[in-house]
Amino acid sequence: MRGVVFHGPGDVRTEDLVLPEVGPTDVVLAVEACGVCGSDLSSYAHGHYVAPGQVMGHEMSAVVVERGAALTGLEAGQRVAVRPMRSCDDCAYCRAGDTHLCGSTAGRSLGYGAQGGFAQRLHLPDVEVGRDVVPVPGGVDPFDLLWAEPLAVALHAVDLAGGDRITRLLITGAGAVGLSVAAAAVARGVAVDVVEPVADRRRAAASLGANAWAPGELPDEPVFDALIDASGAPVAVEAALDLLRPTAPVVLVGLSDAAVPWPLGGHRLTGAFGYRDGDFARAVELIADGRVSLAALVTHRYGLDQAARALTTPRPEDHVVKAAIVPDPGP
Ligand SMILES: [Zn+2]
Ligand SMILES: [Zn+2]
């Protein structure tokens with residue numbers, strides 16, 4: 001089988017790879033599509049989070065090819081979502097369900113340590129069906145399903161921002177993360193406003209049921225009871241603070257090196273990283289029953305041999321919301 005191997009910044013190669021033997025509780029999947037994440041772009045450009053030899057990719061839709069003899073609840077041909085973030089399951093964080101805080105997620109997670117989804121096949125050892133690999137009905141669109149991981153991140157961010165207590169949520173930034181947050185919040189019945197400078201991203205946010213505004217367009221009144229920043233731009237957060245109720249929580253989601261603007265007054269500031277145990281299965285459920293559909297926002301599709309292009313940080317004029325690598329199915 002073939003897969004995309006990271007060799008160094010700006011250097012990925014599509015190579016022949018050997019799959020391990022299938023153990024009694026293992027599964028082999030055929031990857032149908034794998035989304036390109038912002039973290040993949042920064043891994044490719046700068047070598048962040050990856051070492052040479054890594055098969056990248058962690059936002060997968062896949063189909064079962066082979067399962068170990070002792071594994072029940074999965075059949076060949078079944079479409080599944082694959083939970084990419086893995087942890088030790090043994091430390092105090094893991095035991096409390098805070099698997100995202102485990103010190104060993106890097107090194108164990110798919111695309112970061114374990115083999116990722118930019119490949120024709122994926123071998124997963126010791127699978128727990130419903131947690132590591134989540135079966136979905138055959139009619140689910142693979143390009144909807146590859147959003148399960150960003151949607152899990154979004155559900156976690158919405159929880160940190162107050163969850164069901166939020167009545168009106170402001171989101172700054174409508175890239176793939178901001179749009180996932182908008183979809184997650186709308187699905188939970190929250191009224192959502194999004195501030196985003198790029199017009200086609202505003203249109204995407206509006207298509208998900210959010211009110212979309214260019215910076216400076218929102219009336220200058222403190223009406224929102226939570227802010228989730230998905231822009232990583234201090235200027236966007238600073239402008240948004242004036243639109244919040246006095247003690248509204250501010251949640252920063254996504255990876256950013258930017259400094260946090262001050263003063264925050266009475267706002268509680270929280271960073272959101274990854275997702276708790278159970279968020280991934282919740283995200284898959286929202287997609288599987290049609291309450292969240294983001295397939296139309298996969299704007300660009302590439303084969304394995306076009307991985308370098310897919311992983312090159314796009315320019316604004318490329319109008320990329322989400323790119324995906326679609327491996328040819330292989331033998
Ligand atoms: Zn991701
Ligand atoms: Zn742990």
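Only the coordinates and a few stated rules stand behind these numbers; no lab work does. Everything numeric in this text was worked out from a predicted model, so none of it was measured. Heads up, the Cβs are rebuilt from the backbone with ideal geometry, glycines too, and the neighbour counts pull from every protein chain shown.
Key figures
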| quantity | calculated |
| --- | --- |
| Ordering of 242-251, 153-162 by burial proxy (mean other Cβ atoms within 10 Å per residue, highest first) | 153-162, 242-251 |
| DSSP beta bridges in the chain [antiparallel fraction, %, rounded to 5] | 50 |
| Net charge contributed by nearby residues that have their C-beta within less than 15 Å of A92 (K/R +1, D/E -1) | -2 |
| Note, ³J(HN,Hα) from phi for region 86-94, Karplus 6.51, -1.76, 1.60, rounded to Hz, x at Gly and Pro | 10, 9, 7, 6, 10, 7, 4, 5, 4 |
| In sequence order, calculated HN-Hα J values of region 265-273 (Karplus, 6.51, -1.76, 1.60; Hz; x Gly/Pro) | x, x, 7, 8, 9, 9, x, 10, 9 |
| DSSP bridge pairs, region 83-203: antiparallel proportion in percent, nearest 5 | 10 |
| Among 4-10, 112-118, 174-180, the order from most to least packed when residues are scored by Cβ within 10 Å on average | 174-180, 112-118, 4-10 |
| Estimated inter-spin distance, V129 and R95, nm [label 7 Å along Cα→Cβ] | 3.0 |
| Normalised contact order of region 151-272, rounded percent, pairs of Cα under 8 Å and 6 or more residues apart | 25 |
| Positive minus negative residues near S43 (Lys, Arg vs Asp, Glu; Cβ under 14 Å) | -3 |
| Amide hydrogen neighbours beyond the local backbone of R268, cut-off 5 Å, H modeled | V250 |
| Within-15-Å neighbourhood charge of A307 [Cβ basis; K, R +1; D, E -1] | -3 |
| Region 151-272, dipole about Cα centre (Lys/Arg Cβ +1, Asp/Glu Cβ -1), debye to the nearest 20 | 300 |
| Estimated 222 nm signal from helices in the chain, with DSSP H stretches of n ≥ 4 weighted -39500 (n - 2.57), rounded to 500 | -6000 deg cm²/dmol |
| Cβ-derived FRET efficiency at R0 25 Å, E21 paired with E75, nearest 0.05 | 0.75 |
| Relative contact order computed over the chain (Cα-Cα under 8 Å; 6+ residues apart), in percent | 20 |
| Vicinal HN-Hα couplings computed from phi for region 293-306 (Karplus, 6.51 cos²θ - 1.76 cosθ + 1.60; Hz; Gly/Pro x) | 9, 10, 4, 5, 8, 7, 8, 9, 10, 9, x, 4, 6, 9 |
